[in-house]
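Here, each number is a calculation from the coordinates, and none is a lab measurement. Predicted, not measured: the structure shown is a model, and the values here were computed from it. Here the Cβ is made from the backbone with ideal geometry for all residues, glycine too, and neighbour counts use every protein chain on show.
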Amino acid sequence: MTTLLDGKDIASRIMEKLRENFSSIEEEYGVRASLRLILVGGDDAAAIYAKAKLKRAKRLNVDAKLLKFPEETSMKELISEITSLSSDRDVNGIMIENPLPKGLDFYSLADTIPYYKDVDGTSSRNQGLIVNRREFMTPATAAAVVAIMEHYNLSGKVTIINRSPVVGRPLINMLLNRNNTVSVCHSKTPDLLEYTRIADVVVVAIGKPLFFGKSYFTERSSVIDVGINYVEDSIKGDADFTELNGYVEAITPVPGGVGPVTASLIFENLYKGTLFQLKGNSKKL
Ligand code: NAP
């Protein structure tokens with residue numbers, strides 16, 4: 001029987017703990033943690049992710065605001081806005097919603113956010129801290145994969161199919177930091193099956209609906225599906241859940257797998273960063 005790796009359950013445990021953590025910050029410091037989301041242009045997916053964060057913020061009593069900018073906003077204007085939020089002591093976390101309109105460079109903008117307000121964990125400093133085995137605010141999607149693996153005691157040989165800076169690259173080092181043996185594949189890898197079939201855990205994140213069927217796995221495989229693909233009115237993963245359920249050892253559903261864990265870990269980063277700022281630690285790392 002295939003084990004369902006239930007991201008909703010993990011996310012609700014994280015949210016419960018975070019509710020306590022944010023309320024203890026309020027009690028101890030008289031501060032309500034605050035988050036500013038930067039949304040540029042009219043991308044539907046970016047707006048949906050932002051709205052979902054506002055909803056979670058409400059449940060955690062976090063002061064979250066969505067700052068909307070028109071499609072034609074320049075890098076210079078955005079950097080000026082981020083600089084002012086960065087120096088505002090009443091703002092604890094900043095997040096730029098992806099995807100951005102063409103011509104705007106997400107990673108250059110992320111690097112203008114102080115690392116202790118970088119709730120997405122994508123700035124060069126937070127990424128570098130992972131490599132140096134001093135993880136602080138880690139990219140939430142990679143952290144969600146790790147959280148699912150830890151919750152279900154999954155480890156060993158892990159194959160990641162993705163080398164992007166938000167998923168594959170931080171995940172390689174986070175998994176190495178936890179003594180896994182990691183292989184990484186991408187669109188130029190010949191014979192993906194050679195890498196997926198030898199792994200205990202396969203993380204798929206290529207953004208192609210239902211791409212991975214039975215032939216990529218064995219009955220011992222655990223599949224963590226990061227893919228989010230909008231197909232007509234529904235959301236599909238990169239793995240063919242219907243074909244794999246009942247065949248592989250374990251699998252995350254989509255929706256209800258990596259997504260909700262990722263969304264709640266953004267707030268775990270906010271909690272860490274807020275505490276760090278309140279303790280006056282911002283020069284220590
Ligand atoms: P991305 O930057 O486009 O990266 C996609 C990766 O997949 C690249 O490394 C690419 O290889 C590789 N790839 C594409 N086609 C392939 C193929 N046929 N065979 C092998 N590798 C292939 O995308 P991303 O931002 O990392 O996101 C990936 C997916 O995760 C998307 O579906 C996205 O919506 C989803 N996502 C989900 C969450 C969540 O919380 N669940 C969060 C973020 C992203 P190259 O490097 O060679 O191009």
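For this structure, a couple of remarks:
- Value at 222 nm in deg cm²/dmol, rounded to 500, when DSSP H runs of n ≥ 4 in the chain each add -39,500 (n - 2.57): -12500 deg cm²/dmol
- Antiparallel content of DSSP bridges confined to the chain, in %, to 5: 10
- Approximate spin-label separation Lys188-Asn153, in nm, with each point projected 7 Å along Cα-to-Cβ: 4.1
- Computed over neighbours whose Cβ is under 12 Å from that of Asn162, the net charge equals +1, Lys and Arg +1, Asp and Glu -1.
- Taken about its Cα centre, the chain carries a charge dipole of about 740 debye when Lys and Arg each add +1 at the Cβ and Asp and Glu each add -1 at the Cβ.
- For Ile96, distant residues with modelled amide H under 5 Å away: Ile38
- Karplus (6.51, -1.76, 1.60) ³J(HN,Hα), θ = phi - 60°, over segment 201-208, in Hz, Gly and Pro reported as x: 10, 10, 9, 9, 7, 10, x, 10
- Among 189-201, 214-226, the order from most to least packed when residues are scored by Cβ within 10 Å on average: 214-226, 189-201
- Proximal aspartates and glutamates relative to Lys17, as straight alpha-carbon distance under 16 Å, when same-chain residues fewer than 8 apart are discounted: Asp9, Glu26, Glu27, Glu268
- Long pairs among Lys68/Lys102; Lys8/Lys272; Lys76/Lys102, criterion Cα-Cα beyond 24 Å: none
- Within segment 150-285, antiparallel bridges make up roughly 15 percent of the DSSP beta bridges whose residues both belong there.
- Under 5 Å, built H, 5+ apart or other chain: amide partners of Lys157: Thr181, Asp200, Val201
- Using θ = phi - 60° and Karplus 6.51 cos²θ - 1.76 cosθ + 1.60, couplings along segment 186-196 (whole Hz; Gly, Pro as x): 7, 5, 9, 7, x, 6, 3, 4, 4, 8, 6
- Spatially proximal aspartates and glutamates relative to Lys55 (Cα-Cα < 14 Å; intrachain offsets below 8 disregarded): Asp63
- Rule-of-thumb Rg ratio for the chain [Cα; 2.2 N^0.38 Å; N residues]: 1.00
- Straight-distance crosslink candidates among lysines, where the alpha carbon sits under 17 Å from Lys188 and sequence neighbours closer than 8 are dropped: Lys208
- Local net charge near Val254, Cβ-Cβ under 14 Å (Lys/Arg +1, Asp/Glu -1): -2
- Gyration tensor verdict on segment 140-259 (Cα atoms; rounded if a/c is under 1.5, prolate if a/b is larger than b/c, oblate otherwise): rounded
- Overall, segment 29-122 carries a charge dipole of about 600 debye about its Cα centre when +1 sits on the Cβ of Lys and Arg and -1 on the Cβ of Asp and Glu, all other atoms neutral.
- Two tests apply to each whole DSSP H helix in the chain, Cα reach of 24 Å or more along its axis and mean Kyte-Doolittle hydropathy of at least -1.0, and the ones passing both are 7-29, 258-278.
- Model label points for Asp233 and Asn98, set 7 angstrom from Cα along the Cα-to-Cβ axis, are 3.0 nm apart.
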